[in-house]
Amino acid sequence: MTEEGYLKNCASNRQQYLAAEANAKRRKLGFWDQPNPLMPWDFRRGKTASHSQSDSITQSSRTNCDPSYPDICLTSGAADLDCKDIPYRNFRVVGSNPHRFDRNGDGIGCER
């Protein structure tokens with residue numbers, strides 16, 4: 001299902017939803033505050049986010065970001081966090097995983 005499919009039953013508010021989405025995207029709010037968001041309809045089809053070198057900011061240029069989470073920037077040494085404490089979902093987890101976001105060990109953090 002595409003974005004349009006999700007809005008087919010919302011004809012009277014469709015433009016408001018699209019405007020709100022565009023505003024959030026422009027301001028990088030919530031879901032849009034990640035380097036390469038995976039669209040829900042793509043996730044449901046089993047696609048994964050593509051991570052090209054141009055998409056990813058190298059850890060050396062990301063000041064004090066924990067290298068266990070290359071797709072997002074969580075401060076190294078931050079207090080223990082749970083998925084409910086952060087706005088990110090379905091991001092890569094590598095290495096030590098200090099916050100235990102990848103509970104099932106598949107390399108994806110905060111899955112829903």
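The values are calculated or read from the model by the stated rules, or taken from the named source; none is laboratory data. For clarity, every value in this text was computed on a predicted model and none was experimentally measured. Every residue, glycine among them, receives a Cβ derived from its backbone with ideal geometry; neighbour counts consider all protein chains shown. Accessible surface is based on the protein model in full, side chains and every heavy atom, while ligands, DNA and RNA are left aside. Shrake-Rupley method; radii C 1.70, N 1.55, O 1.52, S 1.80 Å.
What the table below lists for this structure:
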{"quantity": "Test: residue in the range 55-68 that is among the hydroxyl-bearing types (Ser, Thr, Tyr) and either touching a Pro at 6+ places or on another chain (Cβ under 6 Å) or modelled with pLDDT of 75 or more (or both)", "calculated": "yes"}
{"quantity": "Tally of residues being touching a Ser or Thr at 6+ places or on another chain (Cβ under 7 Å) and either modelled with pLDDT of 90 or more or under 18 Å from Phe43 (Cα atoms) (or both) across the range 70-94", "calculated": "2"}
{"quantity": "Cβ pairs under 9 Å, 6+ apart, first in the range 57-77 and open to solvent by 30 Å² or more (accessible area, probe 1.4 Å), second at pLDDT 85 or above and of a type in the set (Val, Ile, Thr)", "calculated": "Pro67/Val94"}
{"quantity": "Complete set of residues in the range 8-24 that are out of contact with any Gly (no Cβ under 8 Å at 6 or more places or on another chain) and in a helix (DSSP H, G or I)", "calculated": "Arg14, Gln15, Gln16, Tyr17, Leu18, Ala19, Ala20, Glu21, Ala22, Asn23"}
